[in-house]
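Single-structure report; data block below.
The values are calculated or read from the model by the stated rules, or taken from the named source; none is laboratory data. Everything numeric here is computed off the predicted structure, so don't read it as measured data. We place every Cβ from the backbone using ideal geometry, glycine too, and count neighbours over all the protein chains shown.
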């Protein structure tokens with residue numbers, strides 16, 4: 001057994017078990033398929049609804065047998081964890097008390113106005129507001145009130161928003177099911193009324209033409225893939241909207257953005273390895289998009305604009321961690337690229353923003369971020385663009401921290417905004433003048449119930465991986481926590497898509513740390529925490545490095561005396577949920593429990609199904625088992641669902657969302673059904689499905705805290721700290 005809920009006598013345990021609710025037992029109906037000469041049998045394939053695409057739009061059409069099974073799982077989980085209800089309520093109240101209920105972001109200037117979101121006391125959702133430039137926030141104009149928009153809805157999410165250059169119209173997208181199918185509406189800001197124009201089934205960003213008459217948006221196909229860019233002219237029927245670009249390869253997704261100069265609208269076509277950008281002149285919305293550089297496998301680039309030039313971040317010519325080049329707008333092909341920032345191995349260029357007189361780069365090196373500012377020479381040419389003598393950077397001294405940069409709305413400005421935090425330090429928002437190098441603190445995150453950073457310790461350790469690589473691990477604990485191995489450890493990981501895990505502040509996790517947990521983030525391979533190679537060393541045929549890195553992080557913290565084997569609670573979500581499923585199979589005795597949020601655990605079956613929304617674009621990340629036997633065999637060797645077997649598993653809590661289009665609800669449902677059938681320990685194996693939400697869980701900020709409280713109460717219960 002890999003952990004127990006509490007120490008009890010045999011008699012007491014028997015009495016407790018006799019009073020415990022019985023778990024649901026999913027019926028077994030083998031579904032057989034053959035690939036590359038290998039026969040697969042899936043006993044729980046029936047949990048996947050045949051009409052799953054319709055369920056995304058209307059959850060009420062879910063087959064009754066499947067709904068009954070999911071509801072039975074929810075009832076079992078609720079009954080099993082009923083004793084944590086008082087703790088959940090306590091956790092929720094203290095998490096809520098750390099939130100400034102009437103909080104607001106620092107207004108961002110844009111011409112005559114400044115825009116910002118704010119919350120009101122008791123409100124679940126933000127209001128989008130504006131004030132006259134330099135005005136008082138106390139006299140803010142509310143453009144969109146999320147609380148009013150969400151009235152009567154169990155789920156509501158505000159997606160993209162975009163106001164016109166003349167500040168008269170606001171386009172905004174909302175989803176009221178969690179399926180990530182957004183409806184676009186356009187509001188007249190003078191009257192506060194919506195126009196008749198209404199566009200369903202959209203995805204991603206919204207961009208206006210310069211004159212505010214044409215709105216560009218993205219539509220999805222029948223498999224919910226964003227493949228089409230359309231333009232809508234105000235006052236015309238949506239049925240007459242113009243198809244601007246169609247992506248023919250279902251393995252690529254389409255995105256929309258704009259250059260900082262607002263001169264060009266960018267169509268970004270990409271998978272996880274390859275990208276291609278097309279330009280739409282914002283002054284000529286009817287013109288055909290112009291290709292910057294044709295796609296080629298594993299070439300990625302992004303585009304900014306300055307005068308007669310494009311500024312392009314690219315991994316071409318072996319620049320694994322990216323370099324920056326300049327090209328003429330009139331002929332932007334690769335043959336005309338001239339390097340202006342050279343590649344430096346291990347220094348990842350994360351983002352580039354271009355202003356009238358400055359270029360900023362967000363970089364990461366050895367897991368620590370920094371912002372680099374370089375002046376542009378007056379009358380700059382491609383041959384003589386930068387004033388390198390004025391280049392300088394923004395960084396901090398803490399052992400581990402998070403740094404985010406916001407370019408704002410304006411191009412002709414000397415101001416950028418950045419936000420700094422660490423695991424102990426609440427977020428601080430600064431305005432930074434790139435010319436004078438003066439930083440102005442605009443906001444320090446308030447913790448109404450109180451927080452003293454000096455009561456906590458942040459550390460950064462390096463855990464030796466199986467192959468000798470050093471895995472950064474960021475720790476947070478109270479100064480009073482004993483470091484003798486007796487404390488439980490909450491270990492978080494993700495490790496996919498090149499997403500780096502920031503060492504940022506969280507008010508919620510203090511509820512664990514204050515009760516004796518040590519909190520840790522394992523910056524494992526699959527993310528870009530240590531550069532692009534850190535990513536490629538954790539994908540495709542290197543995917544198992546992600547799992548062994550996480551295990552190595554846990555074992556290193558045990559060796560360093562922070563905790564003991566069997567006292568580790570692991571947590572990860574989505575692709576991090578795949579990590580949770582893999583480590584449960586590979587090292588179950590290391591963990592006391594595992595919390596898997598919307599876990600991607602049925603990897604092989606999902607990657608074999610080309611009709612699922614994310615499958616073709618995911619092949620560059622995991623491999624294509626349909627066409628490659630090597631990929632099939634490798635994925636099969638670690639896919640969590642396929643590798644569940646008869647053994648002692650730790651406590652398991654899996655969370656799912658019925659309308660989740662990214663990790664479909666049946667993946668965790670099947671995984672839990674199979675694990676419960678084969679688990680030889682007495683530990684809890686639980687599933688909770690949100691029947692009214694998708695990938696991100698509950699939509700309101702307070703409902704989201706209740707979800708977190710549920711997970712933390714589970715962790716505290718199994719660690720014996722639930723009293």
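Residues that are modelled with pLDDT of 95 or more, in a strand (DSSP E or B) and within 22 Å of residue 228 (Cβ to Cβ) do occur in the range 297-314. Of everything listed in (1) under 27 Å from residue 428 (Cβ atoms); (2) part of a loop (DSSP other than H, G, I, E, B); (3) without any contact (Cβ under 8 Å) to a residue 40 or more places away in the chain, the single unmet condition for residue 158 is (2).
Being modelled with pLDDT under 95 and either over 30 Å from residue 154 (Cα atoms) or not in a helix (DSSP H, G or I) (or both) is not true of residue 682. Among residues of the range 101-125 that are on the phi > 0 side of the Ramachandran plot and touching a residue at least 60 places away in the same chain (Cβ under 8 Å), none has a Cβ under 9 angstrom from a residue that is part of a strand (DSSP E or B) and surrounded by fewer than 17 Cβ atoms within 10 Å (Cβ to Cβ) at a sequence gap of 6+ or on a separate chain. Beta carbons closer than 9 Å, at least 6 apart along the sequence or on distinct chains, pair a first residue in the range 674-685 that is over 18 Å from residue 47 (Cβ atoms) with a second that is in a helix (DSSP H, G or I) and modelled with pLDDT of 95 or more for 681/588; 683/718; 684/77; 684/80; 684/714; 684/717; 684/718. Within the range 446-453, does at least one residue satisfy the condition of being in contact with a strand residue (DSSP E or B) (Cβ under 7 Å, 6 or more places away or on another chain), touching a residue at least 24 places away in the same chain (Cβ under 8 Å), surrounded by fewer than 19 Cβ atoms within 10 Å (Cβ to Cβ) and outside any loop (DSSP other than H, G, I, E, B)? There is no residue in the range 446-453 that is in contact with a strand residue (DSSP E or B) (Cβ under 7 Å, 6 or more places away or on another chain), touching a residue at least 24 places away in the same chain (Cβ under 8 Å), surrounded by fewer than 19 Cβ atoms within 10 Å (Cβ to Cβ) and outside any loop (DSSP other than H, G, I, E, B). Does residue 345 count as touching a residue at least 40 places away in the same chain (Cβ under 8 Å) and surrounded by 21 or more Cβ atoms within 10 Å (Cβ to Cβ)? Criteria not met by residue 345. Assuming residue 662 fulfils every condition listed in (1) in contact with a strand residue (DSSP E or B) (Cβ under 9 Å, 6 or more places away or on another chain); (2) in a loop (DSSP other than H, G, I, E, B); (3) modelled with pLDDT of 95 or more; (4) surrounded by fewer than 23 Cβ atoms within 10 Å (Cβ to Cβ) apart from one, which condition is it? Condition (3) is where residue 662 drops out.
Against the definition (surrounded by 18 or more Cβ atoms within 10 Å (Cβ to Cβ) and within 30 Å of residue 131 (Cβ to Cβ)), how does residue 112 come out, yes or no?
No; evaluated as a whole, the condition is false for this residue.
Does residue 704 fit the bill of being within 27 Å of residue 506 (Cβ to Cβ) and free of Cβ contacts under 8 Å to residues at least 12 places away in the same chain? If you could, list the steps in order and put the result at the bottom.
On the way: within 27 Å of residue 506 (Cβ to Cβ): yes; free of Cβ contacts under 8 Å to residues at least 12 places away in the same chain: yes.
Yes; evaluated as a whole, the condition is true for this residue.
For the range 559-573, filtered to residues that are touching a residue at least 40 places away in the same chain (Cβ under 8 Å) and surrounded by fewer than 21 Cβ atoms within 10 Å (Cβ to Cβ), the residue that is farthest from residue 620 (Cα to Cα) is 561. Residue-level check: of (1) within 30 Å of residue 164 (Cα to Cα); (2) surrounded by 13 or more Cβ atoms within 10 Å (Cβ to Cβ), residue 323 misses just (1).
A search for C-beta distances below 8 Å between a residue of the range 369-396 that is free of Cβ contacts under 8 Å to residues at least 12 places away in the same chain and any residue that is part of a loop (DSSP other than H, G, I, E, B), counting only pairs 6+ apart in sequence or on different chains, returns 377/387. The residues listed here are 410, 356, 397; of these, the one that is under 30 Å from residue 516 (Cα atoms) and in a loop (DSSP other than H, G, I, E, B) is 397. Within the range 576-587, none of the residues are in contact with a strand residue (DSSP E or B) (Cβ under 9 Å, 6 or more places away or on another chain), surrounded by 22 or more Cβ atoms within 10 Å (Cβ to Cβ) and not in a helix (DSSP H, G or I). Filtering the range 645-654 to residues that are in contact with a strand residue (DSSP E or B) (Cβ under 9 Å, 6 or more places away or on another chain) and surrounded by fewer than 24 Cβ atoms within 10 Å (Cβ to Cβ) leaves 646, 647, 648. Name the single residue that is surrounded by the fewest Cβ atoms within 10 Å (Cβ to Cβ) among those in the range 678-723 being over 23 Å from residue 24 (Cα atoms) and more than 24 Å from the chain's Cα centre (by Cα). Among residues in the range 678-723 that are over 23 Å from residue 24 (Cα atoms) and more than 24 Å from the chain's Cα centre (by Cα), the one surrounded by the fewest Cβ atoms within 10 Å (Cβ to Cβ) is 723.
Just one residue in the set 316, 331, 302 is surrounded by fewer than 21 Cβ atoms within 10 Å (Cβ to Cβ), within 17 Å of residue 382 (Cβ to Cβ) and within 30 Å of the chain's Cα centre (by Cα); that residue is 316.
Every residue, every condition in (1) free of Cβ contacts under 8 Å to residues at least 12 places away in the same chain; (2) under 24 Å from residue 643 (Cβ atoms); (3) touching a strand residue (DSSP E or B) at 6+ places or on another chain (Cβ under 9 Å); (4) not in a loop (DSSP other than H, G, I, E, B), yes or no:
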{"site": "507", "(1), (2), (3), (4)": "no, no, no, no"}
{"site": "515", "(1), (2), (3), (4)": "no, no, no, no"}
{"site": "521", "(1), (2), (3), (4)": "no, no, yes, yes"}
{"site": "538", "(1), (2), (3), (4)": "no, yes, yes, no"}
{"site": "549", "(1), (2), (3), (4)": "no, yes, yes, yes"}
{"site": "557", "(1), (2), (3), (4)": "no, no, yes, yes"}
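Given the structure, is residue 26 out of contact with any helix residue (DSSP H, G or I) (no Cβ under 8 Å at 6 or more places or on another chain), modelled with pLDDT of 95 or more, surrounded by 13 or more Cβ atoms within 10 Å (Cβ to Cβ) and under 30 Å from residue 708 (Cα atoms)? For residue 26, the condition - out of contact with any helix residue (DSSP H, G or I) (no Cβ under 8 Å at 6 or more places or on another chain), modelled with pLDDT of 95 or more, surrounded by 13 or more Cβ atoms within 10 Å (Cβ to Cβ) and under 30 Å from residue 708 (Cα atoms) - is not met. For the range 164-188, the candidate set comprises residues that are touching a strand residue (DSSP E or B) at 6+ places or on another chain (Cβ under 6 Å), modelled with pLDDT of 95 or more and part of a loop (DSSP other than H, G, I, E, B); within that set, the residue that is surrounded by the fewest Cβ atoms within 10 Å (Cβ to Cβ) is 167. Quick check on this structure: which one of 268, 283 is without any contact (Cβ under 8 Å) to a residue 60 or more places away in the chain and within 27 Å of residue 247 (Cα to Cα)? So the residue among 268, 283 that is without any contact (Cβ under 8 Å) to a residue 60 or more places away in the chain and within 27 Å of residue 247 (Cα to Cα) is 268. Of the set (1) closer than 19 Å to residue 304 by Cβ; (2) surrounded by fewer than 18 Cβ atoms within 10 Å (Cβ to Cβ), all apply to residue 440 but (1). For the range 189-219, a tally of residues being in contact with a strand residue (DSSP E or B) (Cβ under 7 Å, 6 or more places away or on another chain), at pLDDT 95 or above and not in a strand (DSSP E or B) returns 4. Checked against (1) under 23 Å from the mean Cα position of the chain (by Cα); (2) over 28 Å from residue 279 (Cα atoms); (3) buried (at least 18 other Cβ atoms within 10 Å of the Cβ), residue 353 passes all but a single condition, namely (2). When residue 296 is tested against (1) more than 28 Å from the chain's Cα centre (by Cα); (2) surrounded by fewer than 20 Cβ atoms within 10 Å (Cβ to Cβ), just one condition goes unmet, and that condition is (1).
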